[in-house]
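> Sharing a structure with you now.
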Amino acid sequence: MISKAGKALNGHLDHRNPLVFDTHELGRRPGALQRLSRSVDAPGPPSVLGIEGVIGVPEGAPVELDLRLESVMEGVLVTGTARASAEGECVRCLEPLRQEVAADFQEMFSYPDADDRGRSSKAEPADDAEDDEDRLFIEDGLFDLEPVLRDAVVLALPMQPVCRETCAGLCSECGIRLDENPGHHHDAVDIRWAALQGLADTVQDGEKDNMGGAEAGVDEKQEK
Ligand SMILES: [Zn+2]
Ligand SMILES: [Zn+2]
């Protein structure tokens with residue numbers, strides 16, 4: 001799925017979009033390298049950096065990008081790291097949480113004229129078909145990092161974020177936060193425990209009867 005977020009109205013990549021990068025300075029000589037850093041605002045819908053309703057980098061929050069562009073025969077190999085602060089909620093206790101995320105990525109942006117070099121046709125089986133769909137291209141010397149950034153950040157985020165590893169979550173009976181209420185419990189009698197209690201009473205009575213033995217008759221007479 002290739003996002004169109006970096007596109008201008010005419011369908012071309014917009015060089016003013018902070019997630020669109022220019023490769024003209026790098027040039028097309030294989031082996032050429034360029035390093036660059038850029039701070040961008042996290043994009044909003046439909047390109048949210050995160051897992052909706054779970055955890056994500058809020059729209060407009062700063063994302064620090066460190067990129068390494070390497071010119072290769074068929075395009076530009078982009079290697080980098082994105083650092084940002086994600087916000088979400090603990091899956092156990094539902095308290096809001098914030099987590100630093102560092103997402104690494106590496107992606108090849110191909111020159112359109114190198115399209116079919118060493119590639120099998122789209123008629124090939126599933127493996128390659130998926131590859132082709134996900135291929136990213138350089139357009140007019142520009143590439144759009146947004147889909148790469150989004151995938152990398154989503155992968156780097158926890159699917160089940162917790163405020164801390166030891167979070168005890170909520171009481172299953174009343175919903176109180178257990179970490180804030182150490183020793184919290186309910187006295188309601190467990191039906192299985194009640195059954196054991198009854199059994200224990202029976203055993204005690206039985207033992208009494210046995211131990212009572214010969215005197216049992218005496219006791220009975222005294223009671224009357
Ligand atoms: Zn928690
Ligand atoms: Zn409770």
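> Taking K and R as +1 and D and E as -1, what net charge do the other residues with C-beta under 15 Å from the C-beta of GLY183 add up to?
Charge balance in the 15 Å sphere: -3.
> Continuing with the same structure: Hey, could you grab the Kirkwood Rh for segment 3-85? Inverse mean 1/r over distinct alpha carbon pairs, Å, one decimal.
14.3
> Something else: FRET efficiency for MET108 and ILE176, Cβ-Cβ distance as r, R0 = 45 Å, nearest 0.05?
For MET108 and ILE176, the calculated efficiency is 0.30.
> Here's another thing I want to ask about it. What does the charge count near VAL40 come to, summing +1 for each Lys or Arg and -1 for each Asp or Glu among other residues with Cβ under 15 Å from its Cβ?
-4
> For each of THR79, THR23, THR166, count neighbouring Cβ atoms within 10 Å of the residue's Cβ, then give the residues from fewest to most.
Ordered from fewest to most neighbouring Cβ atoms within 10 Å, THR79, THR23, THR166 come out as THR166, THR79, THR23.
> Rg (Å, one decimal) plus Dmax (Å, integer) for the alpha carbons of segment 20-156?
17.1, 54
Read-outs throughout are calculated quantities, based only on the coordinates presented, and are distinct from any laboratory measurement. Just so it is clear, the structure is predicted and the values come from calculations on it, not from any experiment. For neighbour counting, all protein chains shown are included, and Cβ atoms are generated from backbone atoms with ideal geometry for every residue, glycine included.
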